[in-house]
Amino acid sequence: MKAVIYTRVSRDRAGTERSVTEQEQACREFCDVQGWDVAAVYTDNDLSASRYTRKVRPQFEVLMANLSKYGALVTWEASRATRDLDVYAKLRKVCREHDVLWAYSGRVYDLTRGDDAFSTGLEMLLSERSSDDTSSRIRRTVNAQAVAGKPHGRVPFGYRRVYDPDTGKLLRQVPDETEAPIIREAATRILEGESIYAICHDFKARGIRGISNGDWTTARVKRVLTNPTYMGKRVLRGEVIGDADWEPLLPAETFEALAGVFASDKHMPKYHGTGPRHLLTGIAKCGVCGSPVSRLPDRKGGKESYICRNNWHVARRKDWVDELVTSVVLARLRQPDALQAVNRAAGPEAGELADQLRTLEQRLDGFYAQAAQGALSAPGLARVEERISREMAETRQLLRKVVTPNALTIPDPAQLADSWEQQSLLHRREIIDALMTVEILPTKPGTHTFIPESIRVTWRLS
């Protein structure tokens, strides 16, 4: 008779389960005793068979599709095949329809016989109950670790975990020497006004890898820099529940500043794919409807235009508009007050507001502790929580306003103006978009000359 062996082991950091190699050896020895030929072996390593798992067992799926080719299925024990009653029902159906025996724990079962079907079914009920109990223990452990500020689950990018070399027990989570500086660098550059797209492009050019060794994208950068984990907060099911026991990578004022940046439309990432190729597409707007202008090529004369594609309200030669806007921004950058106009540093009250926010958080944690000990009633806690939460929201809003830059930071505006032609197109677009709004206004029908007044520039900062 041809037999097929299936082996599986879940993650076994403590080393209490038999490895897939040991399982296979035991199954082969059993087949030798029965006089069966082992025709195939399927293995799923580090995969659970519980009904709570979200991972697919690829080899088990292949086995189920090919099980009818064999006379017997051999597993080390019943739970190696499954701990889920629904999966067991499918396995039993295939075995019955194709007269496939199931052998485990030193015994052979014929699932067409009532007694064997009852015995294996009862064992599945016990396995599922054991799986349920394990799941409940895990949930209780996760909740307890969360309340204590302990890490759990996947290691966040920027951190690494230290384990006891003897027991494998988690000791602590610490900043990773290679990854943590990447997060701090990205945060600093965004608060200095650089776009997320430019940072991702630079990281790719430098070979800096991100989460799961993948490329950095605008979405990933934003997701990382808005994750309270990096502020030293413990998150459970998407909500902050308290302080974590690991070192924060970003101080509270930096985190709130980033939140303010990402909440502002002008700081949202605008560039994707291969990047922009024209100075004002998507930046300049139609003076009639406000929609961003697009580039229209002129195949005959070779002169490109900026046009409003929404009802074709305006159209203006691209080189004329680019030249005018460039001259205006360069003149502004060379003015004596340019440094004060384009930059704004965090106010001196940022540190005080950050300390005030931490004090409010500690006060609220203290009231939670009193309520847990019965020293504060539920209605009393609700009133206190509402008042302190309101104060925290107001303080956080003030802190965010103080530390959020108005626009990208320019260390030396005059030097930037002198080196304008050497700057990348992406950087020039960022400067223009941060400092001004550009509107293309309609002109009288039949006008064939360029009228500078038809380009309206409004400074964002004054």
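The values are calculated or read from the model by the stated rules, or taken from the named source; none is laboratory data. No experiment lies behind these values; they were computed from the predicted model shown. In this analysis, Cβ positions are derived from the backbone assuming ideal geometry, glycine residues included, and neighbour counts consider all displayed protein chains.
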- request: Filter region 409-427 down to residues that are within 17 Å of Trp459 (Cβ to Cβ) and at pLDDT 90 or above, then give me how many there are.
  value: 1
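So which residues in region 154-166 are among the hydroxyl-bearing types (Ser, Thr, Tyr) and touching a residue at least 12 places away in the same chain (Cβ under 8 Å), if there are any at all?
So the first thing to find is which residues in region 154-166 are among the hydroxyl-bearing types (Ser, Thr, Tyr), and the list is 159, 163.
Answer for region 154-166, where residues must be among the hydroxyl-bearing types (Ser, Thr, Tyr) and touching a residue at least 12 places away in the same chain (Cβ under 8 Å): just Tyr159.
Which ones in region 72-97 are in contact with a strand residue (DSSP E or B) (Cβ under 7 Å, 6 or more places away or on another chain) and of a type in the set (A, V, I, L, M, F, W, C)? Before the answer, list the steps.
Restricting attention to region 72-97, the residues satisfying the condition of being in contact with a strand residue (DSSP E or B) (Cβ under 7 Å, 6 or more places away or on another chain) are 72-78, 80-81, 95.
Scanning region 72-97 gives Ala72, Leu73, Val74, Trp76, Ala78, Ala81, Cys95.
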task: Of all residues in region 113-172, count the ones that are hydrophobic (A, V, I, L, M, F, W, C), at pLDDT 85 or above and in contact with a strand residue (DSSP E or B) (Cβ under 9 Å, 6 or more places away or on another chain).
output: 4
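Considering only region 430-462, state which residues are of a type in the set (D, E, K, R) and modelled with pLDDT under 90. Walk me through it before giving the result.
First pass over region 430-462, keeping only residues of a type in the set (D, E, K, R): 430, 433, 439, 444, 453, 456, 460.
Glu430, Asp433, Lys444, Arg460 - these are the residues of region 430-462 that are of a type in the set (D, E, K, R) and modelled with pLDDT under 90.
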- request: Starting from residues that are under 23 Å from Pro58 (Cβ atoms) and in a loop (DSSP other than H, G, I, E, B), keep the ones in region 9-45 and report whichever is modelled with the highest pLDDT.
  value: Ser19
statement: Going through region 316-340 in order, the residues found to be farther than 16 Å from Ile455 by Cβ, touching a helix residue (DSSP H, G or I) at 6+ places or on another chain (Cβ under 9 Å) and either assigned to a helix (DSSP H, G or I) or among the hydroxyl-bearing types (Ser, Thr, Tyr) (or both) are Leu333, Ala338, Leu339
message: Take the residues in region 168-196 that are more than 20 Å from the chain's Cα centre (by Cα) and free of Cβ contacts under 8 Å to residues at least 60 places away in the same chain; name whichever of them is farthest from Gly232 (Cα to Cα).
response: Lys169
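Can you go through Glu349, Glu391, Glu386 and tell me which one is acidic (Asp, Glu), exposed (fewer than 14 other Cβ atoms within 10 Å of the Cβ) and modelled with pLDDT of 80 or more? Step through it out loud before you land on a result.
Working: Glu349 fails: modelled with pLDDT of 80 or more; Glu391 fails: exposed (fewer than 14 other Cβ atoms within 10 Å of the Cβ).
Only one candidate passes the filter, namely Glu386.
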- prompt: Taking region 417-462, which residues are in a loop (DSSP other than H, G, I, E, B), surrounded by 15 or more Cβ atoms within 10 Å (Cβ to Cβ) and of a type in the set (A, V, I, L, M, F, W, C)?
  reply: Leu441, Phe450
message: Looking at region 169-213 only, could you name the residues that are farther than 17 Å from Thr226 by Cα and of a type in the set (Gly, Ala, Ser)?
response: Ala198, Ala205, Gly207, Ser212
task: Just one of (1) at pLDDT below 80; (2) out of contact with any Lys or Arg (no Cβ under 9 Å at 6 or more places or on another chain); (3) farther than 24 Å from His201 by Cβ; (4) not polar (S, T, N, Q) trips up Glu247, so point out which.
output: (1)
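For residues in region 256-315 being β-branched (Val, Ile, Thr) and in contact with a helix residue (DSSP H, G or I) (Cβ under 6 Å, 6 or more places away or on another chain), which is modelled with the lowest pLDDT? Full working, then the answer.
First, pick out the residues of region 256-315 that are β-branched (Val, Ile, Thr): 261, 274, 281, 283, 288, 293, 307, 314.
Imposing the further condition that a residue be in contact with a helix residue (DSSP H, G or I) (Cβ under 6 Å, 6 or more places away or on another chain) reduces the set to 261, 283.
Details: Val261: 70, Ile283: 91.
Looking at residues that are β-branched (Val, Ile, Thr) and in contact with a helix residue (DSSP H, G or I) (Cβ under 6 Å, 6 or more places away or on another chain), I get Val261.
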task: Report, ordered by the first and then the second residue, all pairs with beta carbons closer than 6 Å, sequence separation of six or more or different chains, a first member in region 74-103 that is farther than 13 Å from Ala3 by Cα, and a second member that is modelled with pLDDT under 95 and of a type in the set (Lys, Arg).
output: Arg80/Arg8; Asp84/Arg51
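Give the residue, chosen from Val74, Val108, Val94, Val62, that is under 38 Å from the mean Cα position of the chain (by Cα) and not basic (Lys, Arg).
Numbers: Val74 fails: under 38 Å from the mean Cα position of the chain (by Cα); Val108 fails: under 38 Å from the mean Cα position of the chain (by Cα); Val94 fails: under 38 Å from the mean Cα position of the chain (by Cα).
Answer to the selection: Val62.
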